[in-house]
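Everything below concerns the one structure shown next.
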């Protein structure tokens with residue numbers, strides 16, 4: 001009987017460990033988007049122009065895991081992790097005095 005109960009404990013432990021790993025790998029993208037959204041909130045706000053990769057538009061909203069842009073052709077929902085993965089340019093629309101530095105670039109790795 002000891003062998004059977006030990007076997008059941010090992011099987012249950014293995015299943016729980018597998019489920020934990022699966023959840024961890026599955027949540028990786030969601031966690032990256034949540035962290036990216038918090039980072040974006042610190043640097044950008046609604047009304048600013050944002051360019052991520054080939055997509056450019058005005059920020060309408062920064063949600064918990066995405067950035068919503070008005071691109072002129074419609075709304076685009078961008079995963080917030082893209083803000084950290086790609087070269088991003090953003091501007092407030094008010095160019096600073098004394099130079100042509102209306103955009104800043106951030107690249108996070």
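Observations on the structure shown:
- With each label modelled as a point 7 angstrom along the Cα→C-beta vector, the residue 48-residue 85 pair spans 2.1 nm.
- Two-site label geometry, residue 27 and residue 92: point separation in nm, points 7 Å out along Cα→Cβ: 3.7 nm
- Computed E for residue 16/residue 38 - FRET, C-beta separation, R0 41 angstrom, nearest 0.05: 0.85
Each value in this text was obtained by applying a stated rule to the coordinates, not by laboratory testing. Keep in mind that what you see is a predicted model, and the values were worked out from it rather than measured. When we count neighbours, we look across all protein chains shown, and the Cβ atoms used for this are built from the backbone with ideal geometry, even at glycine.
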